[in-house]
Protein chains: 2
Amino acid sequence: MAQVRNKQVVLRDHVTGFPKESDMNIVETTITLNLPQASNDVLLKNLYISCDPYMRILMNKVDVFEGLPTYTPASPLTGFGVAKVVESGHPDYKKGDIVSSFTKWEEYSLVPSTQIFCKIEHIDVPLSYYTGILGMAGLTAYVGLFEFGTPKKGENVFVSAASGAVGQLVGQFAKLSGCYVVGSAGSKEKVDLLKNKLGFDEAFNYKEELDLNAALKRYFPEGIDIYFENVGGKTLDAVLLNLRVNARIPVCGMISQYNLIEPEGVTNLTNIIFKQVHMQGFLVPSYYHLYPKFLEYLLPHIREGKVVYVEDIAEGLENGPKALVGLYSGRNVGKQVIAIARE
Amino acid sequence: MAQVRNKQVVLRDHVTGFPKESDMNIVETTITLNLPQASNDVLLKNLYISCDPYMRILMNKVDVFEGLPTYTPASPLTGFGVAKVVESGHPDYKKGDIVSSFTKWEEYSLVPSTQIFCKIEHIDVPLSYYTGILGMAGLTAYVGLFEFGTPKKGENVFVSAASGAVGQLVGQFAKLSGCYVVGSAGSKEKVDLLKNKLGFDEAFNYKEELDLNAALKRYFPEGIDIYFENVGGKTLDAVLLNLRVNARIPVCGMISQYNLIEPEGVTNLTNIIFKQVHMQGFLVPSYYHLYPKFLEYLLPHIREGKVVYVEDIAEGLENGPKALVGLYSGRNVGKQVIAIARE
């Protein structure tokens, strides 16, 4: 049986503080491109792999997500990806199918069929989209904004990490709902993207604002109805001073805190009472059942060009560590993807 | 027309930091016990007045509550109370009625009828109850626990400030819902009350716990489903480390923070994401419409002795400042009330 090379991105050891490229190794292993006999598993050729902020948390030693253990040192990272079925022991999948799946950071992966999220039916859009706008990031934006943000026409929406995988969609969805939308991001290039390509009403570079509270008062003189939380820390603290009554805060992530050994203290939480705020943390796996409804909402918008998506595609697994580490300094512009193979 | 004495508790000036008795003055004014001609207002004789933690926030210079401005220096404090109608220019109220009303800290108050919360119909229970268990504190406990905590049989509930006006009811309501209930309070006397009179499963003195996280792990080895938030700060931070998936945090108050010029920083907020937590701040005036349903639930329990209530009644307006200030050091045992007159 033919063995082929199977390059992997392997975590060296659990990480403390900011992750570095050197926390990961590129290793070459081999794999036999046949299923073991009587196996129900599925053999995948990974095409695109998603870089996601939550992965930093899996580099810690201690588990925090129920059902999603931290990474094992000397093993490949795991994450979401788009893959082609090489061989299948499960009746739902056959050779040549394109699937969206929980997979590993390697060229080929043997996965239990339960790890496959779905067969990709609509291939008139770029396949890489299924790691982002049509994948977990998209569903996250959809669930967070519509289930918990419940935007109403004319409401004021603030999105942090607004040009990121999730933020750029939250802003566009909120605009489609008739809201006034402002985003914050970490560079002039990103701010320009938000205003000129992604249709945000306003955007600002949080690194250039000495006083985030003052910045928010400038953009939201009447206060914020929905804050889509991607970053935590100082931004959340400033937002808490600028909320309207009955504000909603879908809490998707707090990327500014994941690498800190001592997280920042948030001091303005009494405003949760004063403004009767609904704050809701969520993890997208609890909302997989909404994926068909989400596709039905979003695919037409993509096809009609009413929702666009900015991707930052790194070529090859070798560039994976750099791409992943870059998330935490905001090096990426738009959704960070790694292209392993095009087909 | 006969003028009578009208003693008042007057705020001297806006307050910074912890309030002191000397921030308030007792002054003697006079009042004519007749309504001005053609007035629609209602003249009240105040019987019992409620001391509530939120009142500290109204002593600040800057407004935070919509529709409830901060106190005016040299004017009497305002708050909830039980009163007898002396004279009425409004058809809904007549002389001799007992009402629950937003009133002033004085012997007699002339109030617009819109400030009257309701006519008290059930007078087989102590009238002072309408400042607490059957007033705003009771409705707050009911709304917070049932609307936002949504307790299910067998769930784990933690209540801070557990022997206070609201906390003692939250614990009893949660027990009636079949939950395991633990409370924290600030003295041995209060802990004994919680365990021996109020039916909590467990209780601890937070002042004696060097490590609140460890204390919570001891009482909740499987984590907390509902945290009824009355105090904020360090307690909230420890709770965030001990939540179960889909935990709910009704945020009623954060009394530990109201007197701080620099509020404490809460550092463990990422757990809101990891545990998919629903945190909901609320103010009871938004839920007045639930009052009839609340009475229907609670009155039978009180009459049957299934829910009890601990009150701390100070006698006379002169003792009002001391009683109010005492809330912020936990001097009160149970609901703090001021009795101005018995009838």
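Residue pairs whose Cβ atoms lie under 8 Å apart, separated by 6 or more positions or on different chains, with the first residue in segment A:54-68 and open to solvent by less than 20 Å² (accessible area, probe 1.4 Å) and the second among the aromatic types (Phe, Trp, Tyr) and outside any helix (DSSP H, G or I), are A:56/A:258; A:57/A:65; A:57/A:258; A:58/A:65; A:58/A:71; A:59/A:71. Do we find a residue being farther than 26 Å from residue B:328 by Cα, at pLDDT 95 or above and facing chain A (nearest Cβ under 9 Å) anywhere in segment B:286-298? Scanning segment B:286-298 turns up no residue that is farther than 26 Å from residue B:328 by Cα, at pLDDT 95 or above and facing chain A (nearest Cβ under 9 Å).
Filtering B:208, B:202, B:264 for residues that are at the interface with chain A (Cβ under 10 Å from one of its Cβ atoms), among the acidic types (Asp, Glu), open to solvent by 30 Å² or more (accessible area, probe 1.4 Å) and at negative phi leaves a single hit, B:264.
Here is a yes/no grid of residues against (1) touching a helix residue (DSSP H, G or I) at 6+ places or on another chain (Cβ under 9 Å); (2) farther than 21 Å from residue B:174 by Cβ; (3) in contact (Cβ under 8 Å) with a residue 60 or more places away in the chain:
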position: B:199; (1), (2), (3): yes, no, no
position: B:207; (1), (2), (3): no, yes, no
position: B:212; (1), (2), (3): yes, no, no
position: B:215; (1), (2), (3): yes, no, no
position: B:221; (1), (2), (3): no, no, no
position: B:226; (1), (2), (3): yes, no, yes
position: B:229; (1), (2), (3): yes, no, yes
position: B:234; (1), (2), (3): yes, yes, no
position: B:292; (1), (2), (3): no, yes, no
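Scanning segment B:241-261 for residues that are more than 9 Å from chain A (Cβ to nearest Cβ) and touching a Pro at 6+ places or on another chain (Cβ under 6 Å) yields one hit, B:255. Scanning segment B:45-103 for residues being within 14 Å of chain A (Cβ to nearest Cβ) and touching a Lys or Arg at 6+ places or on another chain (Cβ under 7 Å) gives a total of 1. If you go through segment A:23-50 and keep only what is touching a residue at least 40 places away in the same chain (Cβ under 8 Å) and farther than 17 Å from residue A:109 by Cα, you end up with A:23, A:24, A:38. Of everything in segment B:69-90 that is over 16 Å from residue B:8 (Cβ atoms) and under 16 Å from the mean Cα position of the chain (by Cα), the residue that is least open to solvent (accessible area, probe 1.4 Å) is B:82. Restricting segment A:149-193 to residues that are part of a helix (DSSP H, G or I) and among the β-branched types (Val, Ile, Thr), the residue that is surrounded by the fewest Cβ atoms within 10 Å (Cβ to Cβ) is A:191. Given the criteria under 18 Å from residue A:261 (Cα atoms) and among the small types (Gly, Ala, Ser), does residue A:67 qualify? Judged against the criteria, residue A:67 is not a match. Taken over segment A:24-46, the criterion of being among the acidic types (Asp, Glu) and either part of a strand (DSSP E or B) or exposed (fewer than 14 other Cβ atoms within 10 Å of the Cβ) (or both) is satisfied by A:28 alone.
Inspection of segment A:224-237 identifies no residue that is more than 22 Å from residue B:232 (Cβ to Cβ) and of a type in the set (Ser, Thr, Tyr). For segment A:314-325, which residues satisfy the criterion of being crowded, with 19+ Cβ neighbours inside 10 Å and assigned to a helix (DSSP H, G or I)? Of everything in segment A:314-325, those that are crowded, with 19+ Cβ neighbours inside 10 Å and assigned to a helix (DSSP H, G or I) turn out to be A:317, A:320, A:321, A:323, A:324, A:325.
A count restricted to segment B:276-285 and to residues that are more than 7 Å from every other protein chain (Cβ to nearest Cβ) and surrounded by 21 or more Cβ atoms within 10 Å (Cβ to Cβ) stands at 1. Exactly one residue among B:333, B:337 is crowded, with 23+ Cβ neighbours inside 10 Å, more than 10 Å from chain A (Cβ to nearest Cβ) and of a type in the set (Val, Ile, Thr), and that residue is B:337. In segment A:249-261, what residues are open to solvent by 20 Å² or more (accessible area, probe 1.4 Å) and within 24 Å of residue B:246 (Cα to Cα)? Within segment A:249-261, A:252, A:255, A:256, A:258 qualify. Going by the structure shown, is residue A:18 closer than 30 Å to residue B:247 by Cβ and in a strand (DSSP E or B)? So residue A:18 does not fit the description; no.
Listed here are the residues, each with its yes/no results for (1) in contact with a strand residue (DSSP E or B) (Cβ under 8 Å, 6 or more places away or on another chain); (2) open to solvent by less than 10 Å² (accessible area, probe 1.4 Å); (3) in the same structural domain as residue A:76 (by TED's automatic domain parsing).
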{"position": "A:98", "(1), (2), (3)": "yes, no, yes"}
{"position": "A:103", "(1), (2), (3)": "yes, yes, yes"}
{"position": "A:107", "(1), (2), (3)": "yes, no, yes"}
{"position": "A:110", "(1), (2), (3)": "yes, no, yes"}
{"position": "A:116", "(1), (2), (3)": "yes, no, yes"}
{"position": "A:121", "(1), (2), (3)": "no, no, yes"}
{"position": "A:124", "(1), (2), (3)": "no, no, yes"}
{"position": "A:128", "(1), (2), (3)": "yes, yes, yes"}
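The values are calculated or read from the model by the stated rules, or taken from the named source; none is laboratory data. All values reported here derive from a predicted model rather than from experimental measurement. Ideal geometry is used to build each Cβ from the backbone, glycine not excepted, and the neighbour counts take in all protein chains shown. These accessible areas exclude ligands, DNA and RNA; they are computed on the full protein's heavy atoms, side chains included. Shrake-Rupley method; radii C 1.70, N 1.55, O 1.52, S 1.80 Å.
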